[in-house]
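Novice: One structure is given below, represented as structure tokens, and several questions about it will come after.
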Amino acid sequence: MIRMESSFSSSQIRASFPANRSCRKKDFGRKFPGFFNVKAASKLSKQRRPQNIEGEFYVDERCIDCDTCRWMAPVTQVFKRIDEQAAVYKQPLHGEERRKALQALLSCPTSSIHTESPPYDIQEVQRTFPIPIDGKKLPGVYYCGYHSEKSFGATSYLIVHPEGNIMVDSPRYTEHLAKRIEMLGGARYMFLTHRDDVADHAKWSRRLRCDRILHSLEVQIDTADVEMKLDGDGPWTVGPDFEIICTPGHTEGSSCLFYKPMKTLFTGDHIAARSDKSFSIFEMYNCDSVITQLDNVQKLLELDFLWILPGHGRRAEFKDTNEKNSALIHFLADKGHF
Ligand SMILES: [Zn+2]
């Protein structure tokens, strides 16, 4: 079992909670892949977008341009962004292409990807989750898929670890995924990076009997009963291999999980990458302070990680510390913050 050490406290539930506030903005829209307008999506139809190429797979009008289908299947180019939403650009034919397209279908937060007839191999594809990120370089680190509308389509991960597995942020609850995670040893903890990406945390916690970890500044009515609340500015250790780093700015208590032996940082909405490995902080969706967020991006120069696995945006692997720090310095300089 992983033991929480140092200043971690399972503090009492606060007498009064902050208003149920999140980074959800009324104008979350299709102009910014990675976030979306849930309300707008629900009003739109499940009709096939005319921008899809003819054939079996299609994307409907409810797509919120979260970019998930595109980064899940980047090489196949099955999905492309056309007129500010996703569309099927090339029909997946077989094998790897079809598998990736069906993985995207299952993961789409608004269930906007469809097939004309029920896919004969959907159960086989369900069994591919959670998906290893990189079996050789990051053994035991999985991508959960099954994004949820409730967390603006945030990405969730599973870390399989001999002292207890850790889920990072919450995917949409589905029994298919729960069974697969159970086969990998379940989860001892669910680390929630911040208030926006909690989705179906309560269902997962009950089903897997895992303790949820969330900074107390992120606790709201629906997370009032999380088992472990972090107070102060850390860092907090979870056994010898993990460190929780407090990185406020996007929200007041946003935190990252640092998996030291794998040199991997799970960043939530603190920082993400673009496909060219440059950094991004989703400034227009900041809920606390951009300056504070940039201060805490600067702190990452001292942290020895090579991978970032974000809540939104694309993951990145840097070849060495030099490349990682150069990208950070370039980003900070561009923001006038270095
Ligand atoms: Zn957020």
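Novice: Pull up region 214-256, narrow it to residues that are of a type in the set (A, V, I, L, M, F, W, C) and assigned to a loop (DSSP other than H, G, I, E, B), then point me to the one that is nearest to the ligand (Cβ to nearest atom).
Specialist: Val219
Novice: Name the residues in region 175-195 that are touching a residue at least 40 places away in the same chain (Cβ under 8 Å) and either within 16 Å of the ligand (Cβ to nearest atom) or of a type in the set (Val, Ile, Thr) (or both), would you?
Specialist: Of everything in region 175-195, those that are touching a residue at least 40 places away in the same chain (Cβ under 8 Å) and either within 16 Å of the ligand (Cβ to nearest atom) or of a type in the set (Val, Ile, Thr) (or both) turn out to be Ile181, Phe191, Thr193, His194, Arg195.
Novice: Another one. For the structure I just gave you, tell me whether Met72 is in the same structural domain as Ser45 (by TED's automatic domain parsing) and either aromatic (Phe, Trp, Tyr) or touching a helix residue (DSSP H, G or I) at 6+ places or on another chain (Cβ under 9 Å) (or both).
Specialist: yes
Novice: While we're looking at this one, here's another question. Suppose the filter is away from the ligand (no atom under 16 Å from the Cβ) and assigned by TED's automatic domain parsing to the domain that holds Leu306; does Arg172 pass it?
Specialist: yes
Novice: For Lys263, only one of the following conditions fails: (1) surrounded by fewer than 19 Cβ atoms within 10 Å (Cβ to Cβ); (2) at negative phi; (3) charged (D, E, K, R). What is its number?
Specialist: (2)
Novice: Condition test on Asp276, is it away from the ligand (no atom under 15 Å from the Cβ), over 18 Å from the mean Cα position of the chain (by Cα), under 25 Å from His147 (Cα atoms) and part of a loop (DSSP other than H, G, I, E, B)?
Specialist: Yes; evaluated as a whole, the condition is true for this residue.
Novice: Mind checking which residues of region 88-109 are in contact with a Lys or Arg (Cβ under 6 Å, 6 or more places away or on another chain) and buried (at least 21 other Cβ atoms within 10 Å of the Cβ)?
Specialist: Pro92
Novice: Just the residues that are in a loop (DSSP other than H, G, I, E, B) and within 15 Å of Lys277 (Cα to Cα), please, taken from region 301-317.
Specialist: If the condition is that a residue be in a loop (DSSP other than H, G, I, E, B) and within 15 Å of Lys277 (Cα to Cα), then Phe305, Leu306, His312, Gly313, Arg315 are the ones that fit.
Novice: Check every one of the helices (runs of 4 or more DSSP H) wholly within region 26-122 and list those with 2 or more residues that are among the charged types (D, E, K, R), modelled with pLDDT under 95 and more than 20 Å from Cys144 (Cα to Cα).
Specialist: Counting at least 2 such residues, we get 38-43.
Novice: Pick from Gly249, Gly186, Gly268, Gly253: which is over 24 Å from Asn296 (Cβ atoms) and out of contact with any Phe, Trp or Tyr (no Cβ under 9 Å at 6 or more places or on another chain)?
Specialist: Checking each option against the conditions leaves just Gly186.
Novice: So, in region 196-213, of the ones that are hydrophobic (A, V, I, L, M, F, W, C) and outside any loop (DSSP other than H, G, I, E, B), which residue ends up farthest from the ligand (Cβ to nearest atom)?
Specialist: Within region 196-213, the match that is farthest from the ligand (Cβ to nearest atom) is Leu208.
Novice: Right, something else. Give the residues of region 131-155 that are of a type in the set (Ser, Thr, Tyr), more than 14 Å from Leu184 (Cβ to Cβ) and either part of a strand (DSSP E or B) or touching a Gly at 6+ places or on another chain (Cβ under 9 Å) (or both), sorted by residue number.
Specialist: Ser151, Thr155 - these are the residues of region 131-155 that are of a type in the set (Ser, Thr, Tyr), more than 14 Å from Leu184 (Cβ to Cβ) and either part of a strand (DSSP E or B) or touching a Gly at 6+ places or on another chain (Cβ under 9 Å) (or both).
The values are calculated or read from the model by the stated rules, or taken from the named source; none is laboratory data. The structure presented is a predicted model; accordingly, all values stated were derived computationally and were not measured. Methodologically, a virtual Cβ is constructed for each residue, glycine included, from the backbone with ideal geometry; neighbour enumeration extends over all protein chains shown.
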